[in-house]
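The values are calculated or read from the model by the stated rules, or taken from the named source; none is laboratory data. Model, not experiment: these values are computed from the prediction. Note: ideal-geometry Cβ built from the backbone for every residue, glycine included; neighbour counts use all protein chains shown.
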Amino acid sequence: MSILGYSQIEGFRSDHRPAHAAGSDIEWEKWFFNPPAGQRRTNTHIRIEGRANQRYALLFRDYLRTHPASAESYAELKLRLAHNLADLKMYAEIKDPAVDLIYLAAEEWATLVKWKQGQSDA
């Protein structure tokens, strides 16, 4: 990523760990990058395949793809936070519990539809 001009964000070495998550903290480690100057602003997260935080992100994505009302509400939350909080750490601190609420619903949905990671692009 560095060769491409991306810069790693120090201090963000793991995903938020949901309160109910079991297992080792290593399951939630990741790398977090911002794009090169002049490129559209993005947040790039790099996770290790097969870890809990990869499943979390993919299940969250697939759930929102199949539940547009939840996706719209989540988008509105992110917009309001972005407009009112310049501090990235505080943004995450406020957003994480809302993400957990969606994720808990996603886990129930995953059981109901027998969701499997990588089974489809939803």
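Residues of segment 22-31 include at least one that is within 18 Å of Glu108 (Cα to Cα) and modelled with pLDDT under 95. I'd like the full set of residues that are more than 29 Å from Glu10 (Cα to Cα), modelled with pLDDT under 95 and of a type in the set (Lys, Arg), limited to segment 89-122. The one that is more than 29 Å from Glu10 (Cα to Cα), modelled with pLDDT under 95 and of a type in the set (Lys, Arg): Lys116. Within segment 14-47, the set of residues being surrounded by 13 or more Cβ atoms within 10 Å (Cβ to Cβ) and either of a type in the set (Gly, Ala, Ser) or part of a loop (DSSP other than H, G, I, E, B) (or both) comprises Ser14, Asp15, His16, Arg17, Pro18, Ala21, Lys30, Pro35, Arg47. In summary, Glu108 fulfils each of the numbered conditions (1) surrounded by 12 or more Cβ atoms within 10 Å (Cβ to Cβ); (2) assigned to a helix (DSSP H, G or I); (3) not hydrophobic (A, V, I, L, M, F, W, C) with the single exception of condition (1). Taking the criterion of being of a type outside the set (Gly, Ala, Ser), under 20 Å from Ala21 (Cβ atoms), in a helix (DSSP H, G or I) and out of contact with any helix residue (DSSP H, G or I) (no Cβ under 8 Å at 6 or more places or on another chain), would at least one residue in segment 81-90 satisfy it? Checking segment 81-90: not a single residue is of a type outside the set (Gly, Ala, Ser), under 20 Å from Ala21 (Cβ atoms), in a helix (DSSP H, G or I) and out of contact with any helix residue (DSSP H, G or I) (no Cβ under 8 Å at 6 or more places or on another chain).
Which of the following residues is touching a Phe, Trp or Tyr at 6+ places or on another chain (Cβ under 9 Å) and not aliphatic (A, V, I, L, M): Thr44, Thr111?
Working: Thr111 fails: touching a Phe, Trp or Tyr at 6+ places or on another chain (Cβ under 9 Å).
Only one candidate qualifies: Thr44.
Would it be correct to say that Arg61 is under 12 Å from the mean Cα position of the chain (by Cα) and modelled with pLDDT of 95 or more? Yes; evaluated as a whole, the condition is true for this residue. For segment 27-50, residues that are of a type in the set (Lys, Arg), farther than 14 Å from Met1 by Cα and in contact with a Lys or Arg (Cβ under 6 Å, 6 or more places away or on another chain) total 0.
Of the residues making up segment 79-88, none is surrounded by 11 or more Cβ atoms within 10 Å (Cβ to Cβ), at pLDDT 90 or above, within 27 Å of Gln119 (Cβ to Cβ) and not charged (D, E, K, R).
Beta carbons closer than 8 Å, at least 6 apart along the sequence or on distinct chains, pair a first residue in segment 3-16 that is touching a residue at least 24 places away in the same chain (Cβ under 8 Å) with a second that is among the β-branched types (Val, Ile, Thr) for Tyr6/Thr44; His16/Val99.
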